[in-house]
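Report on one structure; see the data block that follows.
The values are calculated or read from the model by the stated rules, or taken from the named source; none is laboratory data. Just so it is clear, the structure is predicted and the values come from calculations on it, not from any experiment. Backbone-built Cβ (ideal geometry, glycine too); neighbour counts: all protein chains shown. Surface areas here come from the heavy atoms of the whole protein model, side chains and all, with no ligands, DNA or RNA. Shrake-Rupley method; radii C 1.70, N 1.55, O 1.52, S 1.80 Å.
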Amino acid sequence: MDNTQKLLQISAKLLKHLSEIPKGEERSDYIDEINFMLDERGALIEKLSQEGFVMDANNKIHDTLAQLDKGIRERLDDVMSLVKQGMKDLQNSKKNEKQYMNPYSSVQVMDGMYYDKKK
């Protein structure tokens, strides 16, 4: 099997994997699997570029690769935005927990202090 066919298979597998986004504890394994597939795909693309691969608009396989790449990029953007939102929610929950444990930590009061202006 040549590298173009391998790239087509791994791209289709990655696109399918990106279609289902898990929540909670499974997300870490999901992201690790995405990283593994992206590394494998990147290595194949590097091999193809070293071989002098050029995209041909008339070739059906090349057109399919372009379509898959577009879909992968869109879904990766969706996954990235969900991960960013999850991190933001985690930071907010940590902040709220800290504020709940010590609600007066942000209040600075100079109560009971006396300044004598005379020397």
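Here the condition is being farther than 30 Å from Gln9 by Cβ and modelled with pLDDT under 90; of Ser106, Ser93, Ser49, it holds for Ser106 alone. Do we have Glu74 as assigned to a helix (DSSP H, G or I) and modelled with pLDDT under 85 here? Against the criterion (assigned to a helix (DSSP H, G or I) and modelled with pLDDT under 85), Glu74 does not qualify.
Given the criterion in a helix (DSSP H, G or I) and β-branched (Val, Ile, Thr), identify the matching residue among Ile21, Ile34. Checking each option against the conditions leaves just Ile34. Which members of the stretch 77-106 meet the condition of being among the hydrophobic types (A, V, I, L, M, F, W, C) and under 25 Å from the mean Cα position of the chain (by Cα)? Scanning the stretch 77-106 gives Val79, Met80, Leu82, Val83, Met87, Leu90.
Taken as a whole, the structure places Gly86 among residues that are open to solvent by less than 80 Å² (accessible area, probe 1.4 Å), modelled with pLDDT under 90 and out of contact with any Leu (no Cβ under 9 Å at 6 or more places or on another chain).
Per-residue answers, yes or no, for (1) of a type in the set (A, V, I, L, M); (2) under 16 Å from Val79 (Cα atoms):
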position	(1), (2)
Ile31	yes, yes
Asn35	no, yes
Glu40	no, no
Gln50	no, no
Ile61	yes, no
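Checked against (1) loosely packed, with under 14 Cβ neighbours inside 10 Å; (2) on the phi < 0 side of the Ramachandran plot; (3) within 20 Å of the chain's Cα centre (by Cα), Gly71 meets all criteria but (1). Residues in the stretch 14-68 that are open to solvent by 60 Å² or more (accessible area, probe 1.4 Å) and touching a residue at least 40 places away in the same chain (Cβ under 8 Å): Ser19, Ile21, Arg27, Lys47, Glu51, Phe53.
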